[in-house]
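*Asks:* Once you've had a glance at the structure underneath, I'll fire off some questions.
The values are calculated or read from the model by the stated rules, or taken from the named source; none is laboratory data. What you see is a predicted model, and the numbers here were worked out from it, not measured in a lab. Cβ placement follows ideal geometry from the backbone for every residue including glycine, while neighbour counts extend to all protein chains displayed. We work out accessible area using only protein heavy atoms, side chains counted, and drop any ligands, DNA or RNA first. Shrake-Rupley method; radii C 1.70, N 1.55, O 1.52, S 1.80 Å.
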Amino acid sequence: MAERRKILSVVGTRPNFMKMAPIAAELARRDDRFEHVLVHTGQHYDDSMSHVFLEQLGVGEPDHQLHVGSGSHAQQTARVMERLEPVLLEEQPDFVLVPGDVNSTLAAALVAVKLGIRVGHVEAGLRSFDRTMPEEINRIVADSVSDLLFTHSPEAAPNLVREGCADASIHYVGNTMIDTLVAMGERIEEVGAAVAHGLEPGGYLVVTLHRPALVDGPLLADAVAGLRQVAEQMPVIFPAHPRTRAAMHALGLDGGGRLKIVEPLGYLEFLSLLASAAGALTDSGGIQEETTFLHIPCFTLRDNTERPVTVEMGTNALLGLSPHRIEEVPALIEASARRTPRVPPLWDGRAAQRIADVLACAGGAERAVAA
Ligand code: UD1
C-alpha cells in the first residue's frame, strides 16, 4: 500500500479560506492516503474576516496559528517567514500548498522551497501584467518556486510556460473557489440575505472595494459620490473591508438613504446577497469569478484583470480605475441582460478532487522550472 502523504496548507486571508476549504475536505475524505495540517498565518484576524469563514466552510480550527497581523508588506511577509519555518521543520510535510496571491502565499512558498519541501500553488498562472500590484509580484514569485502549478483558467498555462515553467508541472484542475460555491449552494439559498437587508431580490447593486489603488487615495471620495448617484436609481449595499472602512472614516465619508454601508459579511450571507443581486461592482478577484459562475453582471473598477476569462466568457466588464464611470452601472446592467455568459472549463465543483489525485501521484522529480 502507498505511503500516507502529509500535506500542509497555509492560509492567511479571507479569499484563501474558500480556495482551501474543499481541498481540506477532500484530503480528509481520503485520510487513508493523506494527513492534512492547516496553518493560519493570521494576516486577516478580525472575526468577520477570518473566524466566521472557517466556521461556515467547515474547516474548523487550524492546527497552527501564526498571529502575524497587519503591517507593511515587508513586515507581514517577514513575520510569516520567521514563524512558519519552525512549523515546517516540526511537521516535515511532503508538500506545502499555498492558494492565491496574498503576502502569506508568497512568504509560505519561499520558506518551503528553501527547506527543500515541494510546493503546490493553487490558482497558478494568473497575470494582470501590472507589477505595481503587490499581488502580481506575489503570483510571479510563488509560481516560480512551485513544483505543482494548479491552474483554473485557460490562459494560465501559456503565461507559466512563457516564464520558463515546465509543462509537466502544470495541472489544469478547475476552480476550488467554485467548488466551495457548489458545495454550499443549498445553504446559500436558504439564507435569504436580500430580504434580511430589506432589499428586493434582483433589484439592487452589491459593492466591494478594497484595493489600495482605489481606497488609499483620492479616488475613494469619487467612488462614494458615484455610488450615491447609483443609489438614486437602485439600492446599493456595500459590505466594507476594514481597510476601506478606515479610509472612509478618515475622510468623513458615509452611506445614507439607499446607499447602505455595512460590516463585512460571512461567506453564506455575502454569496446569498450576490446571487440575488441585479449586478456587482467590485475590485476583487474572487467576485469576478463568482459572478461569472452565478451569471450576475459584474463591473470591475480596475484598469486590468488577472482573470480575463471572466471577461471573455463570463459576465465581467472592466470599467477602469475610473470612479466617474460608476454612475453608468444601472444602464450597463440593463444592456448586459442581452448577453449569454459561459462558465470556463472545469468550474464544476470537482477541482479539489483533481488536486488530490495529482498530490497522490506526484513524484519528487517534477520541477516547475524547465531544465
Ligand atoms: C489582502 C491581500 C489582497 C486580498 C485581500 C482580501 C495582500 C498584499 N493583499 O489585502 O490581495 O484581495 O487581502 O481581503 O496580501 N485589517 C483589519 N482586520 C483584518 C485584516 C485587515 O482591520 O482582519 C485592516 C488593517 O488595517 C490592515 C488593512 O486592513 O492594515 C489591510 O490588511 P492587509 O492584510 O495588509 O491587506 P488587505 O487589504 O486585506
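*Asks:* Determine whether Gly279 is touching a Pro at 6+ places or on another chain (Cβ under 6 Å), over 15 Å from Arg339 (Cβ atoms), open to solvent by less than 20 Å² (accessible area, probe 1.4 Å) and in contact (Cβ under 8 Å) with a residue 40 or more places away in the chain.
*Replies:* In short, no.
*Asks:* Now a separate question. Any residue in segment 41-56 that's part of a helix (DSSP H, G or I): show its pairings with residues that are within 8 Å of the ligand (Cβ to nearest atom) at Cβ separation under 6 Å, as long as the two are six or more apart or on different chains.
*Replies:* Once the first residue is part of a helix (DSSP H, G or I) and sits in segment 41-56, its partners that are within 8 Å of the ligand (Cβ to nearest atom) give Met49/Arg14.
*Asks:* From the list Asp147, Asp167, Asp130, Asp143, which one is closer than 17 Å to Val358 by Cβ and within 16 Å of the ligand (Cβ to nearest atom)?
*Replies:* Asp143
*Asks:* I'm trying to understand the selection: among the residues of segment 203-218, which are more than 15 Å from the ligand (Cβ to nearest atom), open to solvent by less than 50 Å² (accessible area, probe 1.4 Å) and not hydroxyl-bearing (Ser, Thr, Tyr)?
*Replies:* Selection gives Gly203, Leu205, Val206.
*Asks:* Right, here's the next one. Any idea which of Ile261, Ile287, Ile326 is part of a strand (DSSP E or B), of a type in the set (Val, Ile, Thr) and either surrounded by 22 or more Cβ atoms within 10 Å (Cβ to Cβ) or out of contact with any His (no Cβ under 9 Å at 6 or more places or on another chain) (or both)?
*Replies:* Ile261
*Asks:* Condition test on Asn304, is it surrounded by 22 or more Cβ atoms within 10 Å (Cβ to Cβ) and either modelled with pLDDT under 95 or closer than 24 Å to Glu135 by Cα (or both)?
*Replies:* no
*Asks:* A further question follows. Select from segment 65-97 the residues that are of a type in the set (S, T, N, Q) and under 28 Å from Phe34 (Cα atoms) and write down the one among them that is nearest to the ligand (Cβ to nearest atom).
*Replies:* Filtering segment 65-97 for residues that are of a type in the set (S, T, N, Q) and under 28 Å from Phe34 (Cα atoms), the one nearest to the ligand (Cβ to nearest atom) comes out as Gln65.
*Asks:* Same structure, new question: Keeping to segment 14-28, report how many residues are touching a residue at least 40 places away in the same chain (Cβ under 8 Å) and surrounded by fewer than 21 Cβ atoms within 10 Å (Cβ to Cβ).
*Replies:* 1
*Asks:* Oh, and also: Which count do you get for residues in segment 69-87 that are under 23 Å from the mean Cα position of the chain (by Cα) and outside any loop (DSSP other than H, G, I, E, B)?
*Replies:* Result for segment 69-87: 10.
*Asks:* For segment 236-254, which residues satisfy the criterion of being over 16 Å from Phe299 (Cα atoms), away from the ligand (no atom under 15 Å from the Cβ) and either assigned to a loop (DSSP other than H, G, I, E, B) or touching a residue at least 40 places away in the same chain (Cβ under 8 Å) (or both)?
*Replies:* Gly252, Leu253, Asp254
*Asks:* Consider Gly100 against the criteria (1) more than 12 Å from the ligand (Cβ to nearest atom); (2) small (Gly, Ala, Ser); (3) surrounded by 24 or more Cβ atoms within 10 Å (Cβ to Cβ); (4) at positive phi: it satisfies all of them except one. Which criterion is unmet?
*Replies:* Against the list (1) more than 12 Å from the ligand (Cβ to nearest atom); (2) small (Gly, Ala, Ser); (3) surrounded by 24 or more Cβ atoms within 10 Å (Cβ to Cβ); (4) at positive phi, Gly100 comes up short only on (1).
*Asks:* Please count how many residues of segment 219-235 are open to solvent by 10 Å² or more (accessible area, probe 1.4 Å) and within 16 Å of the ligand (Cβ to nearest atom).
*Replies:* 1
*Asks:* Follow-up question, since we're still on this one. Looking only at segment 29-40, filter to residues that are part of a strand (DSSP E or B) and open to solvent by 20 Å² or more (accessible area, probe 1.4 Å); which one of those is farthest from the ligand (Cβ to nearest atom)?
*Replies:* Out of the qualifying residues, it is Glu35.
*Asks:* Return the only residue of Pro154, Pro158, Pro201 being touching a strand residue (DSSP E or B) at 6+ places or on another chain (Cβ under 9 Å) and more than 26 Å from His73 (Cβ to Cβ).
*Replies:* When all the criteria are applied, what remains is Pro154.
*Asks:* If a residue has to be more than 16 Å from Ala351 (Cα to Cα) and open to solvent by less than 10 Å² (accessible area, probe 1.4 Å) to count, how many in segment 139-158 make the cut?
*Replies:* 5
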